[in-house]
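To start, the structure itself, in structure tokens.
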Amino acid sequence: MQTSLRELPNDLDQNRLPSHVAVIMDGNGRWAKRRGLPRIMGHRQGVDALKNLLRCCNDWGIQALTAYAFSTENWKRPAEEVDFLMTLFERVLERELQEMMAENVRIQFVGNLIALPRSLQDQIDKSMTTTQSNTGIQFTVATNYGGRQEILQAVRAIAIQVQQGKLQPDEINEELFSRHLYTANLSDPDLLIRTSGEMRLSNFLLWQMAYGELYITDTLWPDFDRKEFHQALCAYQKRDRRFGKI
Ligand code: FPP
């Protein structure tokens, strides 16, 4: 019998859990609008949903969680919303650092971080350095991230090595290419969850999702809770992952 929420529900097979779960946290704005609240309230609530999912993944023994917090296209949103999100990321990081240490979480940020506000970059550096020796879940936050941009920066880095004669073109294989992506230290996601019903990758982990399973739910991100995650894992465990084989 399952005795607490922190234990893996007994209809899930511990040996067939995804090692790496990725999430596109969509629907914060709609969640707020439905309640007659400003969009930013949806983002605030979205942070709580993300914290709960991180804790749940940690409790249930999932090794890596990657969340899409801000895409390279999100700069096109109204300036007040962008500013709010940047400040929110910074405050949340500052506020949650002790908790991440207590829960043994290792956090990293991926994306074009240079373009972020200086004070946010400093907070990112601090959280990554402080948690780097933790041995629990690897939590990756994609911020100012774009999958195509990530691939292009890898191509450029590899091209420079070829130009300098350090690498032969026929030495470029999938393994080498993966090592030049922001996610070099991670296995590819086994499961990508997208909330609020949209059926797109939206430039997230384009290379890494070649064989990843997609789970799309109509639930808006702030309402995505342990019960919803449990359902996603049940659906995942019913999939037949063939990786191109028969
Ligand atoms: C998409 O919903 C959500 C975002 C662009 C922001 C997600 C960010 C968080 C939940 C905060 C995470 C915080 C940290 C520190 C990692 P939307 O605004 O596109 O919603 P809509 O589609 O309903 O308009």
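The values are calculated or read from the model by the stated rules, or taken from the named source; none is laboratory data. As the structure is a computational prediction, the values presented were derived from the model and not from experiment. Don't worry about glycine lacking a Cβ; one is built from the backbone with ideal geometry, like all the others, and counts go over all protein chains shown. Accessible surface is based on the protein model in full, side chains and every heavy atom, while ligands, DNA and RNA are left aside. Shrake-Rupley method; radii C 1.70, N 1.55, O 1.52, S 1.80 Å.
Miscellaneous remarks
Every residue, every condition in (1) under 18 Å from the mean Cα position of the chain (by Cα); (2) not aliphatic (A, V, I, L, M), yes or no:
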residue: Thr129; (1), (2): no, yes
residue: Ser133; (1), (2): no, yes
residue: Gly136; (1), (2): yes, yes
residue: Thr140; (1), (2): yes, yes
residue: Thr143; (1), (2): yes, yes
residue: Ile151; (1), (2): yes, no
residue: Ala154; (1), (2): no, no
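- Enumeration of residues in region 6-20 that are over 18 Å from the mean Cα position of the chain (by Cα) and part of a loop (DSSP other than H, G, I, E, B): Arg6, Glu7, Leu8, Pro9, Asn10, Asp11, Leu12, Asp13
- Leading residue by the ranking (farthest from the ligand (Cβ to nearest atom)) among those in region 137-151 that are open to solvent by less than 10 Å² (accessible area, probe 1.4 Å) and not in a strand (DSSP E or B): Glu150
- Look at region 222-238: where a residue is more than 21 Å from Arg35 (Cα to Cα) and a partner is open to solvent by 70 Å² or more (accessible area, probe 1.4 Å) and of a type in the set (D, E, K, R), sitting 6+ places away or on another chain with Cβ atoms under 7 Å, you get Cys234/Asp11; Gln237/Arg16.
- When the criteria are applied in full, Glu228 fails the requirement of being surrounded by 11 or more Cβ atoms within 10 Å (Cβ to Cβ), modelled with pLDDT of 95 or more and in contact with a Leu (Cβ under 7 Å, 6 or more places away or on another chain).
- Entry remark, region 55-70: residues being outside any helix (DSSP H, G or I) and either among the hydrophobic types (A, V, I, L, M, F, W, C) or on the phi > 0 side of the Ramachandran plot (or both) number 7 in total.
- Selection of region 161-183 for residues being hydrophobic (A, V, I, L, M, F, W, C) and either closer than 12 Å to Leu205 by Cα or touching a Leu at 6+ places or on another chain (Cβ under 9 Å) (or both) yields Leu167, Leu176, Leu181.
- Residues (open to solvent by 70 Å² or more (accessible area, probe 1.4 Å), of a type in the set (D, E, K, R) and not in a helix (DSSP H, G or I)) located in region 21-54: Arg35
- Every residue from region 100-125 that is assigned to a helix (DSSP H, G or I) and within 12 Å of the ligand (Cβ to nearest atom): Met100, Leu120, Gln123, Ile124
- Scanning region 182-202 for residues that are within 14 Å of the ligand (Cβ to nearest atom), in contact (Cβ under 8 Å) with a residue 24 or more places away in the chain and open to solvent by 30 Å² or more (accessible area, probe 1.4 Å), we see that the one that is nearest to Asp26 (Cα to Cα) is Glu198.
- Condition met for Glu99 (over 15 Å from the mean Cα position of the chain (by Cα) and buried (at least 17 other Cβ atoms within 10 Å of the Cβ)): no
- In region 55-81, residue nearest to Pro9 (Cα to Cα) [restricted to those that are within 10 Å of the ligand (Cβ to nearest atom) and open to solvent by less than 20 Å² (accessible area, probe 1.4 Å)]: Ala67
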